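Below is one structure, written out as structure tokens; the observations come after it.
The values are calculated or read from the model by the stated rules, or taken from the named source; none is laboratory data. All of these numbers come straight from a predicted model, not from anything done at the bench. Here Cβ is always computed from backbone atoms with ideal geometry, including for glycine, and neighbour counts include all displayed protein chains. For accessibility, only protein heavy atoms count, side chains too; no ligands or nucleic acids. Shrake-Rupley method; radii C 1.70, N 1.55, O 1.52, S 1.80 Å.
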Amino acid sequence: MSAVALALADLVDDRTASPDGYVRLAVGADTWMALAEGCAAGHHDLGALWADDGRMCLALSAPSPGIRAIVSLETEGGRYPSVAARHLPALRLERAARDLYGLQPIGLPDTRPWLDHGRWPGRQSEARYEFLPVEGEGLHQIPVGPVHAGIIEPGHFRFTANGETVVRLEQRLGYVHKGVESLMAGAEIGQAARIIGRISGDSTVAYAWAFARAVEAALQWAPPPRALLLRGIMAELERLAHHINDVGAICNDASVLTIYARCTLQREDVLAVANACFGHRLMMDCVVPGGVAADLTPEGVGRIRGLMQRLEDTRAEVLRVYDSMPSLQDRTVTTGFVSCELARQYAAGGFVGRASGRAFDARKDFAYAPYDRVDFDLKVRQAGDVDARLMVRLDEIAESLRILSQLLGRLTPGAIRSDRPVTATVTGEGAALIEAFRGDVFVSVRFEADGRLARVHARDASWFQWPLLEAAIEGNIVADFPLCNKSFNCSYSGHDL
Amino acid sequence: MRSFLLDALRKGKATIAPPSPGADALEEVARALGERARQKLGRSLAIREVDAGSCNGCELEIHAVNNPVYDVERFGLKFVASPRHADVLLVTGPVTWNMREALLRTYNAVPEPKWVVALGDCATNCGVFAGSPAIVGPLADILPVDLHVPGCPPAPLEIVKALLALMETQA
């Protein structure tokens with residue numbers, strides 16, 4: 001069943017893209033398989049895979065020529081050729097789509113359920129889950145979760161260790177599956193926007209923005225220029241809050257509480273400023289289709305400028321202290337290594353990819369307003385360890401501050417929200433890719449003729465980062481798992497949907 | 001490292017003055033606890049947090065109550081790793097079918113006397129996730145809830161006030 005690899009660039013050729021930047025194509029099974037082989041061959045990146053009304057859809061992108069496409073395949077009686085059979089990063093996506101929508105990928109290398117834990121009412125699925133067999137002398141298993149020791153989200157980690165050394169980690173996720181896609185199918189825009197802002201609360205601005213852009217593209221709805229700048233400001237505040245917090249949290253996992261305390265104070269500072277400026281500490285429901293729901297006053301601008309100075313001071317000081325502590329770096333350097341090849345194969349977004357040489361950032365590679373007119377650098381490292389991920393985040397704090405400064409400088413008075421166009425066709429589709437703090441968030445929407453949403457799909461960056469954590473921990477000691485895990489900080493809720 | 005200490009000395013304490021316990025929370029807790037309120041735990045509560053389906057927004061704010069600004073440990077409120085060390089189960093999220101068993105097992109592992117706090121709109125009424133077939137229902141459908149803390153997510157100060165009310169009432 002092997003097919004010849006087809007590059008997205010050759011397929012798309014000179015077809016014009018929709019206003020959202022995506023070329024939309026219906027393909028046959030042969031082309032579908034050839035595109036999957038193309039992913040494996042590195043011709044293009046797998047961005048998302050989802051089921052929509054009996055069809056399977058693939059979002060693919062090739063950043064160097066700047067091509068993005070959504071290809072769809074009509075299934076035959078709910079069956080289609082598995083992408084994962086040719087390109088493993090699609091594996092969990094296909095297992096999830098099968099659990100939720102019943103579409104069967106033929107040739108799927110791992111047929112175990114993924115989000116379906118055998119608990120949903122009205123389903124005849126098995127509650128028992130077989131972990132992969134592990135054989136060898138002196139091996140023992142450590143089951144962890146779903147309820148973990150700290151204040152974190154639930155998930156199960158099955159470690160197989162030889163003494164202190166982890167030889168395999170197998171994750172089992174899906175515990176916080178809330179059925180968000182089924183709730184959004186048939187919903188009004190406003191209701192769906194509130195749900196999408198709660199797919200992963202830590203990236204609420206990024207999700208709300210991705211949804212807003214997708215809806216605006218589908219309905220030819222143009223938000224006012226001031227709203228675009230305010231969205232950028234909110235998104236950078238969200239990024240800054242998490243970057244500074246997680247740098248501290250990684251140090252906390254290596255028992256350096258002073259850095260952690262300093263970083264949590266700085267995070268609190270960001271959230272307090274966000275609350276003062278936009279009326280919500282996490283800025284939930286602040287980005288809405290058509291614009292933003294909260295305006296920034298001149299006092300608010302002053303608050304953010306003050307915050308930027310404090311953040312820069314904290315960043316510089318944390319970096320200086322981090323650099324001066326060999327015992328801390330002893331825990332982070334060479335720990336939790338992800339190879340550049342693996343990051344490329346999985347098209348890992350965010351700092352996980354950028355710490356392993358993958359120079360991708362949706363704000364740069366598929367630049368959207370206001371980032372298309374902002375000067376900032378893409379920070380990439382090659383080492384792929386906990387230290388590299390931490391350093392990329394410290395680098396990005398400086399870049400976010402540069403971005404904020406430019407966005408604040410460009411603010412001019414004006415409307416912050418436009419009304420939904422009445423003449424727009426209501427059968428549109430739209431998609432958007434937004435850079436959240438942890439990586440690119442993809443959202444695709446399709447409207448019914450009555451103006452309701454027929455289908456909303458959201459793909460968190462975590463889908464392509466969680467599997468790399470399994471690789472990162474291999475050969476490390478069990479005690480370093482918290483460090484590795486924190487350096488990824490994947491979303492459970494964003495993944496479990 | 002010294003710079004952090006010098007900085008702290010120069011700027012003074014970041015921790016805010018203790019808030020008074022939330023009035024609504026006091027009332028609800030007093031009603032819920034009744035006679036149990038006489039039981040002695042001293043002025044200290046050990047809290048085990050369980051995410052039963054949250055979007056992680058509530059977790060962010062629970063983390064915040066442990067930062068130096070709110071510093072809940074000064075009140076004797078301590079987050080613990082094991083449910084066997086806990087007095088209070090602090091639950092977030094609409095309870096998903098996939099988390100139901102883990103939640104019940106965690107609850108059963110908490111020794112008596114114990115209290116259950118539903119934190120956030122989702123734990124209270126499923127929030128925006130109400131109606132999903134993947135959700136069992138609000139926490140009160142599954143466990144006896146002693147206190148609800150509304151908000152999406154509740155601000156850290158509101159969480160502190162509610163937890164103080166719980167402690168005031170049973171102390």
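The rows are residues; the columns are (1) open to solvent by less than 20 Å² (accessible area, probe 1.4 Å); (2) within 14 Å of another protein chain (Cβ to nearest Cβ).
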{"site": "B:VAL117", "(1), (2)": "yes, yes"}
{"site": "B:ALA123", "(1), (2)": "yes, yes"}
{"site": "B:VAL145", "(1), (2)": "no, no"}
{"site": "B:ALA155", "(1), (2)": "no, yes"}
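So in region B:74-97, with the set limited to residues that are more than 21 Å from B:PRO153 (Cα to Cα) and without any contact (Cβ under 8 Å) to a residue 40 or more places away in the chain, which one is most open to solvent (accessible area, probe 1.4 Å)? Across region B:74-97, the extreme among qualifying residues is B:ARG84. Taking each residue of region B:1-24 that is within 30 Å of B:ALA165 (Cβ to Cβ) and looking for partners that are surrounded by fewer than 13 Cβ atoms within 10 Å (Cβ to Cβ) with beta-carbon atoms closer than 8 Å, six or more apart or interchain, yields B:THR15/B:ARG74; B:PRO18/B:ARG74.
Restricting A:LEU453, A:LEU433, A:LEU469 to those that are closer than 13 Å to A:TYR346 by Cβ and either crowded, with 19+ Cβ neighbours inside 10 Å or at pLDDT 95 or above (or both) reduces the list to A:LEU469.
Summed over region A:291-312, residues that are open to solvent by 30 Å² or more (accessible area, probe 1.4 Å) and either more than 18 Å from A:ARG239 (Cα to Cα) or modelled with pLDDT under 95 (or both) total 6. Taking the condition crowded, with 24+ Cβ neighbours inside 10 Å, closer than 26 Å to A:ALA274 by Cα, facing another protein chain (nearest Cβ under 10 Å) and out of contact with any Cys (no Cβ under 6 Å at 6 or more places or on another chain), does B:GLY53 pass? So B:GLY53 fits the description; yes. Taking the criterion of being more than 10 Å from every other protein chain (Cβ to nearest Cβ), open to solvent by 10 Å² or more (accessible area, probe 1.4 Å) and either assigned to a strand (DSSP E or B) or in contact with an Asp or Glu (Cβ under 7 Å, 6 or more places away or on another chain) (or both), the residues of region A:165-192 that qualify are A:THR165, A:VAL167, A:ARG168, A:GLU170, A:ARG172. Of the residues making up region B:56-79, those that are hydrophobic (A, V, I, L, M, F, W, C), within 12 Å of the chain's Cα centre (by Cα) and more than 7 Å from chain A (Cβ to nearest Cβ) are B:CYS58, B:VAL65, B:VAL72, B:LEU77. Quick check on this structure: which one of A:ILE195, A:ILE250 is in a helix (DSSP H, G or I) and outside the structural domain of A:VAL441 (by the TED database)? Testing whether each residue is in a helix (DSSP H, G or I) and outside the structural domain of A:VAL441 (by the TED database) leaves just A:ILE195.
The residues of region A:105-122 that are over 19 Å from A:GLU37 (Cα atoms) and surrounded by 13 or more Cβ atoms within 10 Å (Cβ to Cβ), listed by number, are A:ARG112, A:PRO113, A:TRP114, A:LEU115, A:ASP116, A:HIS117, A:GLY118, A:ARG119, A:TRP120. Among the conditions (1) at pLDDT below 95; (2) more than 13 Å from chain A (Cβ to nearest Cβ), the only one that B:ALA140 does not satisfy is (1). Comparison of A:THR160, A:THR165 shows that the only residue that is hydroxyl-bearing (Ser, Thr, Tyr) and in contact (Cβ under 8 Å) with a residue 60 or more places away in the chain is A:THR165. Taking the numbered list (1) modelled with pLDDT of 95 or more; (2) within 12 Å of chain B (Cβ to nearest Cβ) in turn, A:ALA210 passes all entries but (2).
Taking the criterion of being under 17 Å from A:ILE397 (Cβ atoms) and within 14 Å of another protein chain (Cβ to nearest Cβ), the residues of region A:314-353 that qualify are A:THR314, A:ARG315, A:ALA316, A:GLU317, A:VAL318, A:LEU319, A:ARG320, A:VAL321, A:TYR322, A:ASP323.
In region A:410-417, the condition of being in contact with a strand residue (DSSP E or B) (Cβ under 9 Å, 6 or more places away or on another chain) and within 30 Å of A:SER72 (Cα to Cα) is met by no residue.
In region A:253-265, the qualifying residues are those that are within 24 Å of the chain's Cα centre (by Cα) and not β-branched (Val, Ile, Thr), and the one that is nearest to B:LEU5 (Cα to Cα) is A:CYS263. Here B:PRO154 passes the criteria (1) more than 15 Å from the chain's Cα centre (by Cα); (2) within 29 Å of A:GLU268 (Cα to Cα) except the one numbered (1). Counting the residues of region B:99-115 that are of a type in the set (S, T, N, Q) and more than 10 Å from every other protein chain (Cβ to nearest Cβ) gives 1. If you check A:THR264 against the conditions, is it in contact (Cβ under 8 Å) with a residue 12 or more places away in the chain, open to solvent by less than 30 Å² (accessible area, probe 1.4 Å) and facing chain B (nearest Cβ under 10 Å)? Answer is yes for this residue.
Of all residues in region B:1-12, those satisfying the criterion of being of a type outside the set (Gly, Ala, Ser) and within 11 Å of chain A (Cβ to nearest Cβ) are B:MET1, B:ARG2, B:PHE4, B:LEU5, B:LEU6, B:ASP7, B:LYS11. In the set (1) surrounded by fewer than 24 Cβ atoms within 10 Å (Cβ to Cβ); (2) within 12 Å of chain B (Cβ to nearest Cβ); (3) assigned to a helix (DSSP H, G or I), A:GLY150 fails one condition alone, (3). In region A:201-233, the qualifying residues are those that are hydroxyl-bearing (Ser, Thr, Tyr) and touching a Ser or Thr at 6+ places or on another chain (Cβ under 9 Å), and the one that is surrounded by the most Cβ atoms within 10 Å (Cβ to Cβ) is A:SER203. Tell me which residues, restricted to region A:343-357, are over 25 Å from A:GLY248 (Cβ atoms) and buried (at least 20 other Cβ atoms within 10 Å of the Cβ). Matches in region A:343-357: A:GLN345, A:TYR346, A:ALA347. Give me the helices (runs of 4 or more DSSP H) completely within region A:257-338, filtered to those with at least 1 residues that are over 30 Å from B:GLY120 (Cβ atoms) and not β-branched (Val, Ile, Thr), ordered by residue number. Those helices (runs of 4 or more DSSP H) span A:298-323, A:326-332.
Within region A:388-409, does at least one residue satisfy the condition of being under 26 Å from A:ASP20 (Cβ atoms), in a loop (DSSP other than H, G, I, E, B), assigned by the TED database to the domain that holds A:CYS340 and of a type in the set (Ser, Thr, Tyr)? Looking through region A:388-409, none of the residues is under 26 Å from A:ASP20 (Cβ atoms), in a loop (DSSP other than H, G, I, E, B), assigned by the TED database to the domain that holds A:CYS340 and of a type in the set (Ser, Thr, Tyr).
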